[in-house]
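Q: Take this structure, written in structure tokens, and hold onto it; I'll ask about it next.
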Amino acid sequence: QPVNETARRTIDAGIGPVCTAASVLVERRGARTGHVAGTLCPDPDAPPEAACTPASLFDLASLTKLATTALLLALVRERVLTLDTPLREIVPDFRGGAKDRVTLAQVLTHTAGLVWWLPLFQEVRSIEEAAWRAAQEPLAREPGPFVYSDLGYIMLTHGLANAGGAPFDALLRERVLGPVGAESARFLPERREDCVATERYDDPAAYRRRRLRGEVHDENAHAMGGISGHAGLFGTAADVLAIGRVFRDGAVIGNELARLARREHARGENARRGLGLALRAPDGAMAGRYVGEDAYGHTGFTGTSLWIDPATDTAVVLLTNRVFFGRANDEETYRYRIAVHEALTGPEA
């Protein structure tokens with residue numbers, strides 16, 4: 001079913017100013033509506049150009065963290081791990097001082113005291129090297145306060161493989177993506193022509209000098225071979241909705257852990273966090289005016305998002321390639337996301 005006319009016009013209006021492609025999927029009380037707009041890659045240096053379709057693969061960026069969280073919680077459900085397990089038990093290089101007290105729950109809530117980001121791509125070329133290097137970095141602060149960080153999820157790439165006894169991508173496919181029906185979600189897409197292009201680098205000093213298409217946008221994930229717990233998954237809006245079932249319906253983790261994940265565990269400056277989830281912000285919610293206090297989800301740097309509102313039993317996936325035009329359109333992307341969500345969840349929806 002198509003979305004309402006206001007939503008369709010709002011989504012279409014972002015093609016050009018914000019992104020070249022957008023895919024929207026809404027599930028409300030079991031009924032789905034959707035809309036796709038734009039094209040995959042208007043840059044002739046990365047052909048072929050094609051219309052965006054519901055099957056087009058977007059670089060999901062930090063929406064990957066939702067799948068990683070689901071894998072960790074699935075291992076908790078199976079009693080392989082607990083939320084109180086110290087990170088050092090599955091990442092032995094992460095140790096010493098306050099590091100010894102950092103738990104898996106603190107990694108999921110971004111309260112582990114980790115530095116927010118490191119240019120690992122300048123030094124590492126594998127998952128193992130990235131986890132080792134991240135583990136060597138001193139804590140930026142005492143554990144406790146909320147500060148968003150990729151480093152914990154980078155270390156989980158290695159740590160969950162240790163705990164699960166198999167490579168991270170295989171575990172994710174077997175324990176999460178397969179069971180929830182995220183059929184086309186994958187690391188390292190086989191066909192770049194199925195993928196929506198992201199950023200182009202022309203600076204001679206850039207890490208990669210080309211238009212990116214079918215390879216992960218995040219530099220650290222790329223340096224890890226394209227497979228990481230913090231970024232790297234490509235998928236469709238339907239795949240993201242399927243991953244959302246973990247937290248919405250308890251798929252693969254059970255209802256008790258799903259409820260625990262949706263609960264507030266940490267608070268920062270205009271931020272509330274669950275286990276691996278962003279919760280509706282106290283002021284200026286990222287999903288617009290019409291979502292309830294209990295709404296939760298996540299966003300991705302490339303222009304992707306999932307928001308679920310239990311009050312109306314509504315899930316909204318918005319996928320774009322906003323970094324096609326570079327990284328300086330945060331404000332425009334934020335306004336676009338708000339406008340799309342309000343058109344889909346407001347009085348006309």
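Q: In the stretch 30-64, what count of residues is obtained for those that are at pLDDT 95 or above and more than 21 Å from the chain's Cα centre (by Cα)?
A: Within the stretch 30-64, residues that are at pLDDT 95 or above and more than 21 Å from the chain's Cα centre (by Cα) number 17.
Q: Pairs under 8 Å by beta carbon, first residue farther than 16 Å from Arg322 by Cβ and touching a residue at least 24 places away in the same chain (Cβ under 8 Å) in the stretch 205-217, partner in a loop (DSSP other than H, G, I, E, B) and of a type in the set (Phe, Trp, Tyr), six or more apart or different chains?
A: Note: pairs meeting the criteria are Tyr207/Tyr201; Arg210/Tyr201.
Q: Now, a different point. If Phe58 satisfies all but one of (1) assigned to a loop (DSSP other than H, G, I, E, B); (2) open to solvent by less than 30 Å² (accessible area, probe 1.4 Å), what's the number of the condition it fails?
A: Here Phe58 meets the rest and fails (1).
Q: Can Ala74 be described as under 24 Å from Ala242 (Cα atoms), crowded, with 23+ Cβ neighbours inside 10 Å and modelled with pLDDT of 95 or more?
A: For Ala74, the condition - under 24 Å from Ala242 (Cα atoms), crowded, with 23+ Cβ neighbours inside 10 Å and modelled with pLDDT of 95 or more - is met.
Q: Go through (1) at positive phi; (2) in contact with a helix residue (DSSP H, G or I) (Cβ under 6 Å, 6 or more places away or on another chain) and name the single condition Asp313 misses.
A: Of everything listed in (1) at positive phi; (2) in contact with a helix residue (DSSP H, G or I) (Cβ under 6 Å, 6 or more places away or on another chain), Asp313 misses just condition (2).
Q: Which pairs do you get when a residue that is in a helix (DSSP H, G or I), found in the stretch 75-100, comes within reach of a residue that is open to solvent by 60 Å² or more (accessible area, probe 1.4 Å), reach meaning Cβ atoms under 7 angstrom, with the pair 6+ apart or on two chains?
A: Val76/Thr82; Arg88/Arg95; Ile90/Asn162; Ala98/Glu142; Lys99/Arg88; Asp100/Arg88
Q: Let me ask something else. I need the helices (runs of 4 or more DSSP H) fully contained in the stretch 143-235, keeping only those with at least 1 residues that are over 21 Å from Ile253 (Cβ atoms) and over 17 Å from the mean Cα position of the chain (by Cα).
A: 151-164, 219-223
Q: Further question: Being over 22 Å from the mean Cα position of the chain (by Cα) and of a type in the set (Asp, Glu) is the filter here, so list the residues in the stretch 1-29 that pass it.
A: Listed by number, the residues that qualify are Glu5, Asp12.
Q: So which pairs qualify, if the first residue must be in the stretch 6-29 and touching a residue at least 24 places away in the same chain (Cβ under 8 Å) and assigned to a helix (DSSP H, G or I), the second must be open to solvent by 10 Å² or more (accessible area, probe 1.4 Å) and not small (Gly, Ala, Ser), the Cβ gap must be under 6 Å, and the two must be at least 6 apart or on different chains?
A: The qualifying pairs are Thr6/Glu348; Arg8/His35; Ile11/His35.
Q: How many residues does the stretch 182-238 contain that are open to solvent by less than 40 Å² (accessible area, probe 1.4 Å) and modelled with pLDDT under 95?
A: Matching residues across the stretch 182-238 total 3.
Q: Consider the stretch 7-32. How many of its residues are within 16 Å of Thr314 (Cβ to Cβ) and open to solvent by less than 40 Å² (accessible area, probe 1.4 Å)?
A: Total satisfying the criteria: 5.
Q: Tell me, please, whether a residue that is in contact (Cβ under 8 Å) with a residue 12 or more places away in the chain, closer than 19 Å to Ser23 by Cβ and touching a Ser or Thr at 6+ places or on another chain (Cβ under 7 Å) can be found in the stretch 262-285.
A: Checked the stretch 262-285: no residue is in contact (Cβ under 8 Å) with a residue 12 or more places away in the chain, closer than 19 Å to Ser23 by Cβ and touching a Ser or Thr at 6+ places or on another chain (Cβ under 7 Å).
The values are calculated or read from the model by the stated rules, or taken from the named source; none is laboratory data. The model shown is predicted, which means the values in this text are computed figures rather than measured ones. Positions of Cβ are generated from backbone atoms using ideal geometry, with glycine treated the same way; all protein chains shown enter the neighbour counts. Side chains included, ligands, DNA and RNA excluded: accessible areas come from the protein's heavy atoms. Shrake-Rupley method; radii C 1.70, N 1.55, O 1.52, S 1.80 Å.
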